[in-house]
Ligand code: NAD
């Protein structure tokens, strides 16, 4: 019943936006932050919280520990897109999705074929020298021993991901905001809606239907028109079948 409602709303809507988070990629083997098996629940050998390790000041102070943690917990070079990523790319290809707004940094939406993806928290695939600005692919980070350094000027290379204490990119944020304000259907999936300012974006939605697909409850369940507490891969697979029928 819930699936049918969602499929009907997708069919009748003109401007659909998907807003997602780490739960979209857990089925690809990438752990999220706040689930049972999420990164925050795993006791780390460092005795420091992930928020502190993944902060701007910690990166500057102790880049070697940052990179050890980052490579162990944030880089998954062998992950491939899930049914959810694939369905979203399909929806865009048939004119049924304006864009994906994601908090994820894994670039799996693009791997699935999505073209318009606003990455609120950046991407592990982009990395740059803090001294001269030269760009590097993720392979440079994966292959480096210790702290990755620029081959041109020896500056420290930083992933183009938004660390705690850092602001979001203005253009990405305002493009996401505009898309959400224009949307008549907003589908939110795989996010605990705990990270701000990203989660605050959904307050600007004033379209017809707000749909939430998340395994656990979120602070926004009460205001959604449809809440589905199931795995997003399964839901989106059913959506694709419904759109193709
Ligand atoms: P989060 O860990 O706070 O919440 C993830 C939510 O997804 C949880 O509520 C969980 O119940 C739900 N979930 C997990 N698997 C699911 C599934 N298969 N189907 C449906 N729901 C599922 O993640 P968040 O809200 O995205 O915010 C945390 C931050 O984590 C973001 O800023 C993001 O940058 C970062 N992060 C990104 C990745 C990634 O790029 N894949 C991975 C971990 C963390």
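The values are calculated or read from the model by the stated rules, or taken from the named source; none is laboratory data. For clarity, every value in this text was computed on a predicted model and none was experimentally measured. Don't worry about glycine lacking a Cβ; one is built from the backbone with ideal geometry, like all the others, and counts go over all protein chains shown.
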* Selection within the stretch 200-245 - within 10 Å of the ligand (Cβ to nearest atom) and free of Cβ contacts under 8 Å to residues at least 24 places away in the same chain -> 217, 229, 230
* Asked: So which pairs qualify, if the first residue must be in the stretch 66-80 and buried (at least 17 other Cβ atoms within 10 Å of the Cβ), the second must be in a loop (DSSP other than H, G, I, E, B) and modelled with pLDDT of 95 or more, the Cβ gap must be under 6 Å, and the two must be at least 6 apart or on different chains?
  -> 67/147
* Structure fact -> (1) under 19 Å from the mean Cα position of the chain (by Cα); (2) part of a loop (DSSP other than H, G, I, E, B); (3) surrounded by 13 or more Cβ atoms within 10 Å (Cβ to Cβ) all hold for residue 207 apart from (1)
* Counting only residues that are part of a loop (DSSP other than H, G, I, E, B) and within 14 Å of the ligand (Cβ to nearest atom), how many does the stretch 58-84 have? -> 9
* Inspect the stretch 102-123 for any residue being over 30 Å from residue 15 (Cα atoms), in contact with a strand residue (DSSP E or B) (Cβ under 9 Å, 6 or more places away or on another chain) and without any contact (Cβ under 8 Å) to a residue 12 or more places away in the chain and give the result as yes or no. => no
* Asked: Can you tell me which residues in the stretch 1-43 are within 16 Å of the ligand (Cβ to nearest atom), part of a helix (DSSP H, G or I), more than 16 Å from residue 216 (Cα to Cα) and at pLDDT 95 or above?
  -> 3, 6, 28
